[in-house]
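In what follows, a structure is listed as structure tokens, so that the remarks can point back to it.
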Amino acid sequence: MTLTTLRTLDEIRSTCRGVDGQLGFVPTMGAIHAGHQSLVRAARQECDVVAASIFVNPLQFGDDEDLDAYPRREAEDAVLLAAAGADLLLLIDKDEMYPPDFATTITQSETLVTTLEGECRPGHFEGVLTVVAKLFGLVGPCRAFFGRKDYQQTVVVRRMVADLNLPVHVEVCPTVREPDGLAMSSRNAYLGDDQRAAALSLVGALRAAEQAFRAGERSAPAIEAAMETILRAGTDEPEYACLVDPLDMSRRTAARAGDVAVVAARVGPARLIDNHSLGDTIPGLPARP
Ligand code: PAF
């Protein structure tokens, strides 16, 4: 399978719109890892043609965030995307994506974009939604594939697609983890050895939530306290450890199976997030009988 690289918006539009059959799309910011590859493989299984984009979207980074440091390695990324089965690689120039007269952004009126990640990263989801809407408009995919690791992102993207009647089906694929449980993330590249070990506190906190739930705990504050203890002990700066409704991200008071435990923390130079649905399997704990 050969990978064709497309760079201009005209080239992307005409090639993607001319595809014969179902087009699957995997939007990324590059620094491709096994998590992204799993999305490409899922698209490969379900679609006739698979396009992946790499665009480090400035609109979704705050002024004090890691836009400049974000790993950029297009040549290696192309090899990994081709190996997973991508046919088209879209590499869009920042100035073509956002010309000087660019004036339209997408937001959501609900708390969805102002809670949790939206609270810690003001404007982040407006940037994500704007670029995802633009990419959907350019590529016109039947199906688009997102990783479950960015849980809140999948919720806001699905809401946008439903609210704007966009003709694309959003598929959410499982988080891919290292053997010790650390969720794959492009930002793991920032971690030194000690920080890599400390980053396990995120999955440790999720395990603590699952353990408490399995032991019969149903108080959300108690489950959150168990998560926070682990996160505080291991990371430099815990940001949140909450139990939320899987559909609207609102905080829970009583825990139910399927509620989502979400965590965010800074570990050295990296800001990491992870999540887990109560009742699901999680590495490090035996599967539920
Ligand atoms: O998840 C990401 O990598 C980004 O938020 C996305 C969806 C590619 C939009 O820039």
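The values are calculated or read from the model by the stated rules, or taken from the named source; none is laboratory data. Treat the numbers as computed from the prediction; the structure is a model and nothing was measured. When we count neighbours, we look across all protein chains shown, and the Cβ atoms used for this are built from the backbone with ideal geometry, even at glycine. Heads up: the accessible areas ignore ligands, DNA and RNA and are worked out on the full protein's heavy atoms, side chains in. Shrake-Rupley method; radii C 1.70, N 1.55, O 1.52, S 1.80 Å.
Determine if the range 43-53 includes at least one residue that is modelled with pLDDT of 95 or more, among the basic types (Lys, Arg) and over 18 Å from residue 147 (Cβ atoms). Reasoning before the result, please.
If we filter the range 43-53 for residues that are modelled with pLDDT of 95 or more, which is where we start, we get 43-53.
Applying the additional criterion that residues be among the basic types (Lys, Arg) yields 44.
Pick out the ones that are also over 18 Å from residue 147 (Cβ atoms) and you get none.
No, the range 43-53 has no match at all.
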- Item | All positions within the range 220-245 that are touching a Ser or Thr at 6+ places or on another chain (Cβ under 8 Å) and either at pLDDT below 95 or open to solvent by 40 Å² or more (accessible area, probe 1.4 Å) (or both) | 221, 230, 233, 234, 235
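Which one of 273, 223 is in a helix (DSSP H, G or I) and touching a Phe, Trp or Tyr at 6+ places or on another chain (Cβ under 9 Å)?
Numbers: 273 fails: in a helix (DSSP H, G or I).
So the residue among 273, 223 that is in a helix (DSSP H, G or I) and touching a Phe, Trp or Tyr at 6+ places or on another chain (Cβ under 9 Å) is 223.
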- Tell me which residues, restricted to the range 43-68, are away from the ligand (no atom under 15 Å from the Cβ) and either in contact with a Ser or Thr (Cβ under 6 Å, 6 or more places away or on another chain) or open to solvent by 20 Å² or more (accessible area, probe 1.4 Å) (or both). 44, 45, 46, 48, 49, 63, 64, 68
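Hey, can you tell me all the residues within the range 25-36 that are over 19 Å from residue 170 (Cβ atoms) and either open to solvent by 40 Å² or more (accessible area, probe 1.4 Å) or more than 10 Å from the ligand (Cβ to nearest atom) (or both)?
32, 33, 34
Give the residue that is surrounded by the fewest Cβ atoms within 10 Å (Cβ to Cβ), with candidates limited to residues of the range 248-270 that are among the hydrophobic types (A, V, I, L, M, F, W, C) and part of a loop (DSSP other than H, G, I, E, B). Walk me through how you get there before you give the answer.
First pass over the range 248-270, keeping only residues among the hydrophobic types (A, V, I, L, M, F, W, C): 249, 254-255, 257, 260-265, 267, 270.
With the extra rule that they be part of a loop (DSSP other than H, G, I, E, B), the set shrinks to 249, 255, 257.
Values: 249: 22, 255: 22, 257: 10.
Here the answer is 257.
Kindly indicate whether any position in the range 46-68 is within 14 Å of residue 3 (Cβ to Cβ), outside any strand (DSSP E or B) and over 16 Å from the mean Cα position of the chain (by Cα).
Pass one, the range 46-68, residues within 14 Å of residue 3 (Cβ to Cβ): 49-54.
Adding the requirement that they be outside any strand (DSSP E or B) leaves none.
Among the residues of the range 46-68, not one is within 14 Å of residue 3 (Cβ to Cβ), outside any strand (DSSP E or B) and over 16 Å from the mean Cα position of the chain (by Cα), which makes the answer no.
Any residue in the range 206-214 that is buried (at least 18 other Cβ atoms within 10 Å of the Cβ), within 19 Å of the chain's Cα centre (by Cα) and free of Cβ contacts under 8 Å to residues at least 60 places away in the same chain?
As a first pass, look at the range 206-214 and keep what is buried (at least 18 other Cβ atoms within 10 Å of the Cβ): 206-210, 212-213.
From the residues that got through so far, the ones that are within 19 Å of the chain's Cα centre (by Cα) too are 206.
Next, from what is left, pick out any that are free of Cβ contacts under 8 Å to residues at least 60 places away in the same chain: none.
Checked the range 206-214: no residue is buried (at least 18 other Cβ atoms within 10 Å of the Cβ), within 19 Å of the chain's Cα centre (by Cα) and free of Cβ contacts under 8 Å to residues at least 60 places away in the same chain.
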- Quick check: is even one residue across the range 189-198 outside any strand (DSSP E or B), open to solvent by less than 50 Å² (accessible area, probe 1.4 Å) and within 14 Å of the ligand (Cβ to nearest atom)? no
- So is residue 102 within 11 Å of the ligand (Cβ to nearest atom) and either in a strand (DSSP E or B) or more than 21 Å from residue 36 (Cβ to Cβ) (or both) or not? no
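Return the residues of the range 105-142 that are β-branched (Val, Ile, Thr), more than 10 Å from the ligand (Cβ to nearest atom) and closer than 13 Å to residue 161 by Cα; say none if nothing qualifies.
Applying the first criterion (β-branched (Val, Ile, Thr)) to the range 105-142 yields 105-107, 111, 113-115, 128, 130-132, 139.
Narrowing the set further to residues that are more than 10 Å from the ligand (Cβ to nearest atom) leaves 105-107, 111, 113-115, 139.
Residues satisfying the conditions are 106, 107.
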- Message: What pairs come out if I take residues in the range 143-168 that are more than 9 Å from the ligand (Cβ to nearest atom) and pair them with residues that are among the polar types (S, T, N, Q) whose C-beta lies under 6 Å away, six or more apart or interchain?
- Response: 148/175; 151/275
- Query: When you go through (1) at pLDDT 95 or above; (2) buried (at least 20 other Cβ atoms within 10 Å of the Cβ); (3) not basic (Lys, Arg) one by one for residue 8, which number turns out not to apply?
  - Reply: (2)
- Query: Looking at the range 115-156, which of the residues that are farther than 20 Å from residue 66 by Cα and part of a loop (DSSP other than H, G, I, E, B) is least open to solvent (accessible area, probe 1.4 Å)?
  - Reply: 141
- Residues being part of a loop (DSSP other than H, G, I, E, B) and touching a strand residue (DSSP E or B) at 6+ places or on another chain (Cβ under 7 Å) - total across the range 157-169: 1
- All-but-one check, residue 177 against (1) open to solvent by less than 30 Å² (accessible area, probe 1.4 Å); (2) in contact (Cβ under 8 Å) with a residue 40 or more places away in the chain; (3) away from the ligand (no atom under 15 Å from the Cβ), failing number (1)
